[in-house]
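Just below is one structure, and these are the notes that go with it.
The values are calculated or read from the model by the stated rules, or taken from the named source; none is laboratory data. All values derive from a computational prediction rather than experimental measurement. With ideal geometry, Cβ positions are generated from the backbone for all residues, glycine too; neighbour counts draw on all protein chains shown.
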Amino acid sequence: MRQVEKQQRLRKIIPVPQVVRCYFDKNPISYDMEFIQGLDFRQACLSKPMSWINVFVECMCTHFKALEGAAVKADLQSAFKSKLVSLQDVLYAHQAGKVRALIPVLEALLAYDFSRLPATASHGDLTLENIIFKGDGDVVFIDVLDGDLESFWMDIAKITYDLEIAWSLRSSLWQSDHSPDDRLLRMLSRYLSEELGMVIAQKFPEAVPHLPALKAIQALRVLPYSHNEQTIDKLASYVAKLPIPV
C-alpha cells in the first residue's frame with residue numbers, strides 16, 4: 001500500500017506511470033500501471049545523435065529540482081543509521097575478504113551526519129534501467145522504490161554511481177569482449193557521467209561533498225543481493241576508492 005501511495009504522490013512531481021488498478025483482495029496487494037512506450041538507455045544511445053545526452057542531462061536536473069521542492073518530514077539521521085546497522089550485520093557475516101575490508105568504510109558512514117541532507121520526495125532506485133526515454137525528449141521513471149531514505153540527493157548518488165560503475169550496463173560492459181556497439185556505449189556513458197557530474201556541481205553544489213558517502217551506501221545496499229564473484233569484487237573495489245568524509 002505504501003508503494004502505491006508513493007507512486008501516486010510522486011506522479012504529481014516527476015513523470016512516473018499512473019497506477020490504473022489496485023488489487024486489495026490479493027496478498028500481497030498488487031497493482032497495474034499504465035504502459036509506457038519508449039527506449040531503454042542502450043537503445044537511446046545507439047539510435048539518437050550524441051546531442052541527446054545534453055538534453056537528457058538538463059531533463060534530469062529539471063526533475064531533480066522538482067524533487068528538491070517537494071519537502072517531506074523524515075528523521076534521516078535515524079533512517080540512515082538503521083539501514084547502516086543492518087548492512088553492518090551483512091558485512092560482518094560475509095565470507096569475501098574484500099567485503100569484510102569495507103567495515104572501516106561502514107564505521108565512517110555510521111559516524112556521518114546525515115541530518116544535513118534535505119528530506120524530500122525521491123524515486124528511491126534511480127538507475128538507468130529504471131528510465132524510459134520517450135520520443136519527445138522527456139523521460140518516464142519506472143520501478144519506484146518505497147523506503148525511508150527520502151532525499152533527492154540519494155537519487156543523484158544512485159544515478160552517478162550507476163554511471164561510474166556501469167551497473168545498468170554490466171551485462172555488456174563488464175565483459176572482456178566488446179562489440180562495436182558496446183564500445184560506443186562505453187564512450188557515451190562516460191561522456192554522460194562527466195556531463196551530469198559537471199551540471200550537478202553547478203546546480204546542486206551543496207550535494208557534491210556528500211555524494212561519496214551516499215554513493216557508498218547505494219553500492220553497499222546491493223551487496224546483500226549479490227552472489228556473483230565479479231559483482232562483489234566490482235562493488236567492493238568501487239566503495240573502497242570513495243573518499244568518505246567524517
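Out of Leu128, Leu173, Leu163, one residue alone is within 17 Å of Lys234 (Cβ to Cβ), at pLDDT 95 or above and in contact with an Asp or Glu (Cβ under 7 Å, 6 or more places away or on another chain). It is Leu128. The single condition among (1) touching a strand residue (DSSP E or B) at 6+ places or on another chain (Cβ under 8 Å); (2) of a type outside the set (Lys, Arg); (3) exposed (fewer than 15 other Cβ atoms within 10 Å of the Cβ) that Leu67 does not satisfy is (3).
The set of residues in region 191-231 that are in contact with a Leu (Cβ under 8 Å, 6 or more places away or on another chain) and charged (D, E, K, R) comprises Lys215, Arg221. Mind checking which pairs have a first residue in region 90-117 that is in contact (Cβ under 8 Å) with a residue 12 or more places away in the chain and among the hydrophobic types (A, V, I, L, M, F, W, C) and a second that is loosely packed, with under 13 Cβ neighbours inside 10 Å and not in a helix (DSSP H, G or I), Cβ under 7 Å, 6 or more apart or different chains? Close Cβ pairs satisfying both conditions: Ala108/Val246; Ala111/Val246. Only residues that are without any contact (Cβ under 8 Å) to a residue 24 or more places away in the chain and under 24 Å from Glu68 (Cβ atoms): list them for region 207-246, please. Selection gives Val208 alone.
Of the set (1) out of contact with any Pro (no Cβ under 9 Å at 6 or more places or on another chain); (2) touching a residue at least 60 places away in the same chain (Cβ under 8 Å), all apply to Trp153 but (1).
Residue by residue, here is whether (1) under 23 Å from the mean Cα position of the chain (by Cα); (2) at pLDDT below 95; (3) not in a loop (DSSP other than H, G, I, E, B) holds:
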position	(1), (2), (3)
Arg9	yes, yes, yes
Asp25	no, yes, no
Asp32	no, yes, yes
Asn54	yes, yes, yes
Val57	yes, no, yes
Leu67	yes, no, yes
Gln77	yes, no, yes
Gln88	yes, yes, yes
Val99	yes, yes, yes
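When you check Gly147 against the structure, is it over 19 Å from the mean Cα position of the chain (by Cα), part of a loop (DSSP other than H, G, I, E, B) and not charged (D, E, K, R), yes or no? Taking the combined requirement at face value, the residue does not satisfy it.
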